[in-house]
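**Student:** My questions all concern the structure below.
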Amino acid sequence: MSKKFHIHTFGCQMNVHDSEKIAGMFSESGYAEAHGVNDADVIVINTCSIREKAEQKFYSELGRLKHFKDRDPKLRIAVAGCIAQQKGSGLFKRFPYVDFIFGPQNIDSLEKWIGQESGVRSQKSDNKTQITELTDNPEHSIKNLPVKREGRVSAWVSIMYGCDNFCSYCVVPYTRGRERSRQVSDIMTEITELSAQGFKEITLLGQNVNSYGKNLNETNPPSPPFDKGGQGGFANQNIDFSDLLKAIHEVNGLKRIRFVTSHPRDLSKKLIRTMQDLPNVCEHIHLPVQSGSDRILSLMNRGYTFKQYKEKIDALRSAMPDIAITTDIITGFPGEDEQDFELTMNALREIEYDGIFAFKYSRRQDTAAVNLPEHLNEKTKSERLARVLDLQAEITFRKNIELEGKILEVLVEGASETDKDKLTGRTGSNKIVNFYGGLELMGTLVNVRILEAKQHSLNGEVIP
Ligand code: SF4
């Protein structure tokens, strides 16, 4: 009987996709997916250290697993992701029942561990070989790992790893390493295969996708012939993100192309024009602003002023009037006074985002902001977060109400999680829509009349 694995994932899309690769490595080694921790032979916790809260959740989950290990000493436990990279073998001291620790750049090392595991497990149950794999591994960016995907309509595709921006509050450059772009041919081969497997939507993943290609060192200039669907034409060329989007747009069968995350400083006029020109590139962009105060943006080392950021928003909206824009906001950054905070509130009122991800500033090990003066107390940070969320909730709901009566094109993703008789899907602008219909519609684009706006979704009816 094949052994079973279970993956517990914390954090962002990058981590969700990394977990698909971890699942791919286990499946490729003959493991089946467990229903949960109870029937697993191996448990992997894929961690996120972007905020204190995510870290605390991880420690309590790992603490919970001790009981399962005591009950079954043959159970194997591995810790992956950004906390693994940050804490390393130090985790063994606090959690001696952990067997393997590997970083975001070392998912490929699972193959060796799984292989060793089957050897170890047949010998003695409590043979303690605690291993870490945390090397800075540039090769990781070019290794095409097996992927066990969650969905059947939409797929994540990594185009780059790491980040060079060193925003003063962020751990990513320390845990995921410096920026590396995947080879064009690898990306095109993966996307062509996904389309052939029936996937209709691709989301390109990277910490800062707008700087894709910056470190690709091929010299031959891009030249047209991209032969439709074939791989021969896709040589590794010196290419930027806009060119990559144009190449992906040529792949037969794809209906939608999305990407996340963009850095405002690297959002070019060329990219805005490319989004405008290519019908399958969705009219939605996630463009983190973080704060409306130039003083705080400078302390964050974001590399732009609010005026410069707003000019990019205006350029996007003049090119695509219906584009949906979402963002990230940090409240309570060290030194943020009431005036700075009011500038962030004004930014929300002025830009009217379709949605935001807002968080309190959280001290992160190794980041520059830890050493900044005037750290705020939790009460102030929480109050400001609540005010931001309240304001944005009004804006989001009003924008959703404006869609009532409209007919929107929706890519059907599958059964609704909230209502089993309904289907769910998303508009090009990334709005979630629920409506009645049969599962035969999965993977198709349907026109839906919006009947009712909700806070975070829309209800509608399919127009034949
Ligand atoms: S751009 Fe800044 S916030 Fe985003 S991953 Fe890079 S360092 Fe972190």
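**Student:** Not counting ligands, DNA or RNA, and with a 1.4 Å probe, what is L441's accessible surface area in Å² rounded to the nearest 10?
**Tutor:** 40
**Student:** Given a 1.4 Å probe and the protein chains all in place, what does the accessible area of D70 round to, in Å² to the nearest 10?
**Tutor:** Result for D70: roughly 100 Å² accessible.
**Student:** Here's another thing I want to ask about it. State whether the chain is rounded, prolate or oblate according to the following rule on the C-alpha gyration tensor (a ≥ b ≥ c being the square roots of its eigenvalues): a/c under 1.5 gives rounded; otherwise a/b larger than b/c gives prolate, and the remaining case gives oblate.
**Tutor:** rounded
**Student:** Quick one: compute the contact order of segment 407-462, relative version, from alpha carbon pairs under 8 angstrom and 6+ residues apart, as a percent.
**Tutor:** Across segment 407-462, relative contact order equals 35 percent.
**Student:** Which helices pass in the chain if a helix is a full DSSP H run, must span at least 27 angstrom along its long axis by Cα, and must have mean Kyte-Doolittle hydropathy not below 1.6?
**Tutor:** none
**Student:** Given the DSSP H assignment, sum -39500 (n - 2.57) over each helix run of at least 4 residues in the chain and divide by its residue total; what's the result at 222 nm in deg cm²/dmol, nearest 500?
**Tutor:** -10000 deg cm²/dmol
**Student:** While we're on this one: Given a 1.4 Å probe and every protein chain left where it sits, what share in percent of the accessible area of the chain is carbon and sulfur?
**Tutor:** It is 51 percent, rounded to a whole number.
**Student:** Express in whole angstrom the spacing between the alpha-carbon centres of segment 309-375 and segment 1-69.
**Tutor:** 32
**Student:** With every protein chain present, what accessible area does W156 have (1.4 Å probe, heavy atoms only), rounded to the nearest 10 Å²?
**Tutor:** The accessible area of W156 comes to roughly 60 Å².
**Student:** Let me ask something else. Considering only protein heavy atoms, with the full assembly of protein chains and a 1.4 angstrom probe, order K57, K93, K399 by accessible area, largest first. Can you show the working numbers first?
**Tutor:** On the way: K57 110, K93 170, K399 35 Å².
In descending accessible area the options line up as K93, K57, K399.
**Student:** Now for a different question. Compute the relative contact order of the chain as a whole-number percentage, counting only Cα pairs closer than 8 Å that sit 6 or more residues apart in sequence.
**Tutor:** Averaging sequence separation for qualifying contacts and normalising by length gives 10 percent for the chain.
**Student:** Report, for segment 407-462, the % of DSSP beta bridges that are antiparallel, rounded to 5.
**Tutor:** Roughly 85 percent of the beta bridges in segment 407-462 run antiparallel, per DSSP.
**Student:** With a 1.4 Å probe and every protein chain left in place, work out the accessible area per residue of the chain in Å², rounded to a whole number.
**Tutor:** With all protein chains present, the chain gives 44 Å² per residue.
The values are calculated or read from the model by the stated rules, or taken from the named source; none is laboratory data. Keep in mind the model is a prediction, meaning the values are calculated, not measured. We work out accessible area using only protein heavy atoms, side chains counted, and drop any ligands, DNA or RNA first. Shrake-Rupley method; radii C 1.70, N 1.55, O 1.52, S 1.80 Å.
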